[in-house]
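Just so it is clear, none of the values below were taken in a lab; they were calculated from the coordinates. All figures in this text were calculated on a predicted structure; none of them were measured in a lab. Heads up, the Cβs are rebuilt from the backbone with ideal geometry, glycines too, and the neighbour counts pull from every protein chain shown.
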Amino acid sequence: MTKITKLNAQLYSHFRQWTLFILISLTLACQNSSTEAPDNLIPEKQMAQILSEIHLAEARVTKLNRVSQDSNTLIYKHLEKQVFRKYKVDTAAYSKSYTYYSSNPELLADIYKQVTEELERRKKKVDTISVAKATPIVQPQKPVDSSKTGKKKLTARIKTVVDSSNANKNKLPARLKNLKK
């Protein structure tokens with residue numbers, strides 16, 4: 001073997017060793033050794049409600065189409081604080097709970113299933129309201145007592161027609177009057 005191929009073989013061997021070492025280190029570093037629930041863990045149902053509200057807040061900010069990213073961030077932070085106030089949760093408890101649920105994929109999947117169901121329910125409610133607003137509400141007419149009102153109107157209409165025809169008979173053109181004589 002030549003010197004160059006021996007050197008390449010040694011470099012390749014060192015490269016493989018370092019790559020293996022780095023991969024093992026990363027794998028161990030990514031594992032979370034503390035999967036214990038924090039003391040102030042937010043229950044799954046409440047966490048699902050909070051996440052639903054937070055996703056709606058994100059959607060509202062996105063819908064505003066602000067040019068400034070800083071404005072979007074400020075508006076989002078304000079909406080996020082309102083959500084935390086509504087559910088009486090502080091940001092530390094939310095962060096610790098989210099980290100805990102993220103480290104347990106099955107629990108997080110259950111929570112996001114609830115979030116999806118809640119958002120779908122709200123979407124259907126909004127769609128129903130939109131359709132209701134778009135469709136005019138027709139008030140039913142009160143039934144008319146045709147025996148009294150209908151007869152009176154019909155009698156008045158017949159009388160008008162008869163009177164007008166009698167008036168027209170008296171106003172025959174002069175040519176026709178001459179013919180009658």
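Ignoring solvent entirely, what values of log10 I(q)/I(0) come out of the Debye formula for region 48-90 at 0.21, 0.30 Å⁻¹ when each Cα is a single scatterer?
Rounded to two decimals, the profile gives -0.63, -1.02.
Can you give the net charge of the other residues whose Cβ lies under 12 Å from the Cβ of E117, counting K and R as +1 and D and E as -1?
Surrounding charge for E117 is +3.
Which length gain, in nm to one decimal place, applies between K81 and Q69 when the Cα-Cα distance is subtracted from 0.36 nm times their residue separation?
2.5 nm
Count charges around T73 for me, please; just the other residues with Cβ under 15 Å from its Cβ, Lys/Arg as +1, Asp/Glu as -1.
+1
Subtracting the Cα-Cα distance from 0.36 nm times the residue separation, let me have the gained length for E117 to K45 in nm, one decimal.
Gain on stretching E117 to K45: 24.7 nm.
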